[in-house]
Amino acid sequence: MEAVLEVKNLKKKIGKRPIIKDISFQIKEGEIFGFLGPNGSGKTTTIKMLVDLISMDSGSIFILGNDISINREAALRHIGAVVESPELYSYLSGYENLMQIARIRKVSKERINEVVELVGLGARIKDKMRKYSLGMKQRLGLAAALLAEPRLLILDEPTNGLDPNGIIELRNILKNLAENTGMAVFVSSHILGEIQNLCDTVAFIEDGTITSVETMDMVHSSFVYTLETDKNDKNLQLLKGTEGILSVTENEIGYTIELSDRKPSQVLKDILLSGIEINSFAKHLKELEERYMELIKGGIR
C-alpha cells in the first residue's frame, strides 16, 4: 500500500529552543493516523510544517512521493487541512465562502453540493457564517478542506466546539472517507477517547519526540490488571518491588499493573503476602489510556 505521507528526521527550533526533535513516521492510503500528546508537545508545529506554513530546520516531508521542499506545489496539491480556526469570511454565507475557494481551485458547483451534504450543513449553508456556532464553523472548514478531493486530510483538534452528536457524526464522516475513497487522514488531538474511537494507528508525541508509533490492534493486544486497594507510598513501593510487575499506574480505585510472563496468580499471592490489602483484582484489555500513561510523563513506572 502506497505511503501518502512520509516524514523523515524532521527537526525544528524556535529561537534556540528545540520544538521538534528528529521525528519520523508515515501514513498509508485509507489509514486514519492519530497524533496524540499533551498540549505543548509539538503537534501543531508539526502540522504547520506538513502544510508548509512554517519551514523545517532539517529533515524531509514527502506527499505522494513529492518532496515538499523541492516540489512544493505538486506536494500541497494533494492536501486538505483544517489548522486551528478556519480562515473564512463571517459576512459571507457558508455557500459563498465555499464558492470563493472553489473558484480558486477550479472546483465545480456539483462538488460544493457534495461536500455540503457530506458534512451535514445542507440546512444552514445559505446562512451568514457569523450566525454559525463554533461546531458549524468547524464543519464548514472541513467542507472547504474536502473541496479539491485531497489524498491527505490534516485536522488539528477537529472536535473542538462539537457536541457529542457532532463528534460521532464527524467520526463517521472521516471513517467513510478513509474506507471508501482511500483518503489518508491525519488527526492531531490530546483527547484519548477521540483517538481510540477513530484511528487505526497512533503516534505518541511528548516534548517534540515521538515515543512510539503503534496500531490500535497493538494497543489492545495485551492485558492489564486492576487492583482495588489503598493508594499510598508504601503500597506503591511494594507493588513496584514485586517480581513480575512491569509497570504500576494509579487509577480511581487503586492501581493498574502490567505483568511479565509470570502467572497472575503467583503475582497476586506475592502482593497479598507483602501485606497489601486487596479488595478486588480484575483482568481487562489494555486501553489507550494505560498505554498513554506508560509513554507520556505522568505514568508511574
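Each label point was placed 7 Å from the Cα along the Cα-to-Cβ direction; for residue 191 and residue 100 their separation is 2.7 nm.
Stretching residue 251 away from residue 53 to a fully extended chain increases their span by 67.3 nm, per 0.36 nm per residue minus the current alpha-carbon distance. By DSSP, the beta bridges lying fully in the chain are antiparallel in about 65 percent of cases. Rounded to whole numbers, the Karplus 3J(HN,Hα) couplings from phi for segment 26-42 are 9, 10, 9, 5, x, 9, 9, 10, x, 10, 10, x, x, 4, x, 7, x Hz, using 6.51 cos²θ - 1.76 cosθ + 1.60 with θ = phi - 60°, and x at Gly and Pro. Sorted from longest to shortest, the spans of the Cα atoms of the chain along the three principal axes equal 74, 43, 37 Å. Restricting the calculation to Cα atoms, segment 1-56 yields a radius of gyration followed by a Dmax of 12.0, 39 Å. Close amide H partners of residue 250, meaning residues 5 or more places away or on another chain with modelled amide H under 5 Å apart, are 256, 300.
Stretching the chain fully between residue 215 and residue 73 yields a gain of 48.0 nm (0.36 nm per residue, less the alpha carbon separation). In this structure, the pairs whose alpha-carbon distance is over 28 Å, taken from 106/126; 8/137; 231/269, are 8/137. If you average the C-alpha positions of segment 51-109 and of segment 186-226 separately, how far apart do those two centres end up, in angstrom? When both Cα centres are located, 27 Å separates them. Per residue of the chain, the DSSP helices (runs of n ≥ 4 H) give a summed -39500 (n - 2.57) that works out to -10000 deg cm²/dmol at 222 nm. Approximating the spin labels as points 7 Å out from Cα along Cα→Cβ, the residue 277-to-residue 114 distance works out to 6.6 nm. Summing +1 for each Lys or Arg and -1 for each Asp or Glu, what net charge is found among the other residues whose Cβ lies under 12 Å from the Cβ of residue 228? Result for the local shell: -2. Calculated FRET efficiency, residue 230 to residue 163, Cβ-Cβ distance, R0 = 41 Å: about 0.60 to the nearest 0.05.
Rg then Dmax, both in Å and based on the Cα atoms of segment 186-301: 15.2, 48. Panel note: the C-alpha atoms of segment 1-157, placed on their principal axes, show extents of 46, 32, 25 Å (largest first). Percent of Cα-Cα pairs more than 22 Å apart in segment 118-188, please. Everything past 22 Å amounts to 18 percent.
Laboratory data are not the source of any read-out in this text; all were calculated from the coordinates shown. Everything quoted here is computed from the prediction, not taken from an experiment. Quick reminder, even Gly has a Cβ in these numbers, built from the backbone with ideal geometry, and neighbours come from all protein chains shown.
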